[in-house]
Amino acid sequence: MKIMKLAMFELLRRPKKNLVIASSIVIAVALLTSLSIVSNSANLAIMEIIAKTGHTLTVRPSASSAGSSGEEQKQEYKLTTSEVVLGSYIPEAAVPEIMKNYEKAIKAGWEKKGGLVSTPGIPDIVLEPATWAPRLFEKAEVDGQEVIVTGIEIRKEYFVRFWWNLTSGDWPAETDVRDVNTNIASIFTIGSDGKVGIDKAEYGVDSSGKLIAAQDKKVKAAPLKPILKGWDDAYLGGAYAKSKGLKLGDKLTINKTEFTVRGILEETNSADDYMVYIPMSTAQRLFHKEGLVSMVSVRAMCPNCPVGDAMVELNKNVTGITAVSQLDVAGVQFDFFSMLYKFLLAVVISTIAVGIFSIFNIVTGSLYARIREIGMLKAIGASRFQLFRIFIYEHFILGLAAGIGGYVLGLGMAYVLNSLLDIGAVILITTAFLWRALALGIVCSLVAIIYPAYKLSKLKITETFRTQWES
Amino acid sequence: MSEFIETKGLKKIYHVGGQKVEALKGVDLEIAKGDFVVFMGHSGSGKTTLVSTIGGLTRPTEGTVLIEGNDIWKLNDKQLSHFRNRKIGFMFQSFSLLPTLNVLNNVVMPAIFSTNSERKDTEALKSKAISLLTDLDMKRKVNSFPSELSGGEQRRVAIARALINDPEIILADEPTGELDIRTEREVIDIFCQINKTYQKTLIVVSHSLTWLEKAKTIIVMKDGLIFKDLADPVEAIMEGVCKS
Ligand SMILES: Nc1ncnc2c1ncn2[C@@H]1O[C@H](COP(=O)(O)OP(=O)(O)O)[C@@H](O)[C@H]1O
Ligand SMILES: [Mg+2]
């Protein structure tokens, strides 16, 4: 027999009371464990998105521009770069101005940092021009079902979204008509019957097959197919293709026009996965939004680009648009999470406080029920410190067990919380959470016992006789 | 030369809700080594208080308790615990057995708190406990739990527990309380054995007259003092008892 063993026996002596104590600790530990797991996982998910998408600026029609309903505006503050803005547009013609302002702001930002000041003998830093990609979102009937169809300039798009990969198919070649030049694309129309036509009166090809304006007189009749090569290509988000069972080369009808699947995207766990992509020029004809785009993504081409500065400048100088920096969006998300975290933490801490208080009461009650036994232990030679150790050991074991229980429950709750709050983070579990749970369990258990244990270990033995007469 | 156990001017005042209760009013007492003392007296006369003051359980308000010449109430908590652990075997009614431990573990328990390392030799300790329990005719019940034992058997286990650390003094406060006459006699016989064979000094508090037959010394207490000038202690006890 050792003091530890005695403590264990003592613990088993009051199974119900100890179970009550343990379960309140379990709840507190579980709450805190699940909360820290979820918030940690959510933060990691945010960091991962930023790491993956780089520092991208998203330019969208500003809230005041016509056609946007409040509900659609709400969707703006989402972290991914794939959020959909329906019903409000930026003229394509505004893009050069946007890019000019952007470049200017970036340059100014660098100069402010002292990065672009020319010093004789030292080569100037050359800023690569930023790349940009427009999108046009439209709800459309795809094979009889309403889907978000997104017009993209394919090569620009996958350059900006460098994390995109195809699981099957391939990207258009650099020379493909469908993507390179919007001027070329503007020669065709899509009728309300879905048929494609070309404005032969104004456009044609020269002897080398290059497209020219009709005013040049040397126009030959233009064969439709080669000019519009790739106009009916469709690329599918991974999740969409999977759900519809669509494969490479399959046909699909958008509104009344037929498209062919040329590529299927790898899933990225974003809204991108559920979209159907068609060439921008085709989308503009199909939806009668010639010269308009829904948003422009700008990918900064320098590490530590002063994108924040560019955002401020754009919002100040270009009317009708709102520029949002990826990091800002992430910041909003961070704020949201940290607010939620703080709120839940407050709930948990008050739970723990109430828990400790009730444990304290139970413990005090049960210890006073043990007064005679304490007298006996003292009489047979237990010193104050040895008595104190019995109580501490008992509650150490109790706290440890409750900590383990709370950890296991907390793991489960983390998954529930994650789906309940719609955080959608991949739950990441490290041993640090286990140690923390155990420490918390033990501390809760010990905090509740230390004072009564101290008081009782100092109890005079004579006083323990007294209770005998009273009981 | 001082006696084995000696008290000088022992006073104990309890404070109960602003009121003073003088349980001991200056007790001078000497007990020789190997004595078998039985304290008698009316309830509330201060027997328990006196005995627990001698055993290092209740601190006196005034006076000294000398054991082999040492004032035990000058010891600190650790030393006093050690004193109780090694010098004294207690048998108090309120010091019941622990219900979660079996007989063997209950007997061995004082050794847990021994600071002496030889006491931690669990095998030797176990065999000692078993031999004590065998002497007390309790060998069959070594693995039983207190709730499975009769009142007399529980007392035997408590005796074994009191003896496990080989103390020189056994203090027993009403060790046969609530027992029937036959069982009481058995327990008293055991005490006689302990006094004879183990040469322990026994100090027993009891209301029961059965003890008188076996005791070497009888001390009667009244109102916190020892009744000294007494020709016949039995008469002193009987005094006030309803006679026909
Ligand atoms: N812990 C205590 N607190 C207050 N009064 C006590 C306490 N212990 C004993 N007393 C009082 O001291 C007196 C002597 O008690 P006690 O020593 O138990 O006598 P006995 O054992 O002879 O019955 C009684 O009046 C009792 O009420
Ligand atoms: Mg008494």
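Computed from the coordinates by the stated procedures, all read-outs in this text should not be read as laboratory data. This one's a predicted model, so the numbers in the text were calculated from it and none came from an experiment. Counting neighbours? That spans all protein chains shown, and the Cβs are built from the backbone with ideal geometry, glycine included.
May I ask you to derive the FRET efficiency for A:Ile349 and A:Val408 from their Cβ-Cβ distance with R0 = 25 Å, giving the value to the nearest 0.05? Let's see the in-between values first.
Details: r = 21 Å, r/R0 = 0.86.
Between A:Ile349 and A:Val408 the formula returns 0.70.
Counting partner chain Cβ atoms within 10 Å of every residue's Cβ in A:381-392, what's the average?
Details: counts 20, 7, 11, 5, 3, 6, 2, 0, 0, 2, 0, 0.
Mean shielding by partner chains, rounded to a whole number: 5.
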Per-residue HN-Hα couplings for the range A:235-250, Karplus 6.51 cos²θ - 1.76 cosθ + 1.60 at θ = phi - 60°, whole Hz, x for Gly and Pro? 10, 10, x, x, 5, 5, 4, 4, 5, 9, x, 8, 10, 4, x, 5
Cβ-derived FRET efficiency at R0 41 Å, A:Thr189 paired with A:Leu421, nearest 0.05: 0.30
Between the helical axis of B:122-135 and the dominant principal axis of chain B, each derived from Cα atoms, what acute angle in degrees is found, rounded to the nearest 10? 60
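Over all residues in B:105-114, what is the mean tally of Cβ atoms on other chains that come within 10 Å of each residue's Cβ? Present the calculation step by step, with values, prior to reporting the outcome.
On the way: counts 4, 1, 0, 1, 7, 5, 3, 12, 11, 2.
Counting Cβ atoms of other protein chains within 10 Å of each residue's Cβ and averaging gives 5.
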How far apart, in nm, are two points set 7 Å out from the Cα along the Cα-to-Cβ line at B:Asp189 and at B:Glu62? 4.7
Packing rank of B:136-145, B:40-49, where each peptide gets the mean count of other beta carbons within 10 Å, highest leading: B:40-49, B:136-145
Which distance in nm do the two modelled labels at A:Asn269 and B:Asp180 give, with both placed 7 Å along the Cα-to-Cβ direction? 7.8
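Can you tell me which of A:240-250, A:376-386 comes out highest on packing, and rank the rest after it, using the mean Cβ neighbours within 10 Å?
Details: A:240-250: 15.1, A:376-386: 22.8.
Result, highest mean first: A:376-386, A:240-250.
May I ask you to compute the full-extension gain from A:Asn317 to A:Val443, defined as 0.36 nm times their residue separation minus their alpha-carbon distance, rounded to one decimal in nm? Don't skip to the answer; put the middle values down first.
On the way: separation 126, 0.36 × 126 = 45.36 nm, distance 5.74 nm.
Full extension of this stretch gives 39.6 nm more.
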With each label point set 7 Å from Cα along the Cα-Cβ vector, what nm distance links A:Lys2 and A:Lys460? 3.6
For peptide B:89-97, how many partner chain Cβ atoms fall within 10 Å of a residue's Cβ, on average? 6
FRET E, pair A:Glu141, A:Val95, Förster distance 25 Å, beta-carbon r, rounded to 0.05: 0.30
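Once you have a ≥ b ≥ c as the square roots of the Cα gyration tensor eigenvalues for the range A:332-444, tell me rounded if a/c is under 1.5, and otherwise prolate or oblate according to whether a/b is larger than b/c.
On the way: a/c = 3.71, a/b = 2.62, b/c = 1.42.
The shape class here is prolate.
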Extension reserve of the B:Tyr14-B:Ser147 stretch, reckoned as 0.36 nm per residue once the Cα distance is removed: 44.4 nm
For B:Val220, which sequence-distant residues (separation of 5 or more, or a different chain) have an amide H within less than 5 Å of its own amide H, given hydrogens modelled in the peptide plane? B:Met40, B:Phe227
List residues of the range B:55-97, by number, whose backbone nitrogen lies under 14 Å from a label position 7 Å along Cα→C-beta of B:Lys33. B:67-70
